[in-house]
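Structure first, commentary second.
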Amino acid sequence: MDDGSTDQTVSILRGYAPRITLFEQSNRGVARARNVLVQRARGDLVAFLDHDDIWHPRYLAAQQKSFESHPDAVGFFTGHHNFWGVADFDWETVSPGTQASAEIIAPRIS
């Protein structure tokens with residue numbers, strides 16, 4: 001979802017079609033962008049990747065394992081690493097997340 005960016009984001013992303021689907025809206029903020037995307041989602045799981053985030057190459061596989069182990073959970077969070085600057089990140093020194101470092105959110109019982 002492009003939320004009204006003013007740089008070359010849209011033209012760069014269009015170069016990846018048809019491998020990605022690009023949605024656009026005028027700037028309404030991250031919450032509105034996420035709500036629109038969740039409404040349009042067609043799968044069973046939704047994962048958010050913000051503009052200032054990068055994922056471990058095996059991040060989604062780790063999340064899938066969490067889902068398979070806890071199919072009634074409504075959310076999963078794993079550890080993160082903060083880093084600054086522009087450089088290659090050494091993925092060999094970090095894990096994408098394990099059950100021991102994950103927070104599993106159970107459904108709300110009402």
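The values are calculated or read from the model by the stated rules, or taken from the named source; none is laboratory data. These numbers were taken from a predicted model, which means no experiment stands behind them. All Cβ positions, glycine included, derive from the backbone under ideal geometry; neighbour counts span all protein chains shown.
Residues ALA73, ALA41, ALA47, ALA61: which one is exposed (fewer than 14 other Cβ atoms within 10 Å of the Cβ) and either more than 19 Å from MET1 (Cα to Cα) or not aliphatic (A, V, I, L, M) (or both)?
Details: ALA73 fails: exposed (fewer than 14 other Cβ atoms within 10 Å of the Cβ); ALA41 fails: either more than 19 Å from MET1 (Cα to Cα) or not aliphatic (A, V, I, L, M) (or both); ALA47 fails: either more than 19 Å from MET1 (Cα to Cα) or not aliphatic (A, V, I, L, M) (or both).
From the options ALA73, ALA41, ALA47, ALA61, the qualifying one is ALA61.
Name the pairs whose Cβ atoms lie under 8 Å apart, with the first residue in region 60-75 and under 11 Å from PRO107 (Cα atoms), the second among the hydroxyl-bearing types (Ser, Thr, Tyr), and 6 or more positions between them or separate chains?
ALA73/SER66
Among the listed residues ALA17, ALA61, ALA31, which satisfies the condition of being at pLDDT 85 or above, hydrophobic (A, V, I, L, M, F, W, C), out of contact with any Pro (no Cβ under 6 Å at 6 or more places or on another chain) and outside any helix (DSSP H, G or I)?
Going through ALA17, ALA61, ALA31 in turn, just one is at pLDDT 85 or above, hydrophobic (A, V, I, L, M, F, W, C), out of contact with any Pro (no Cβ under 6 Å at 6 or more places or on another chain) and outside any helix (DSSP H, G or I): ALA17.
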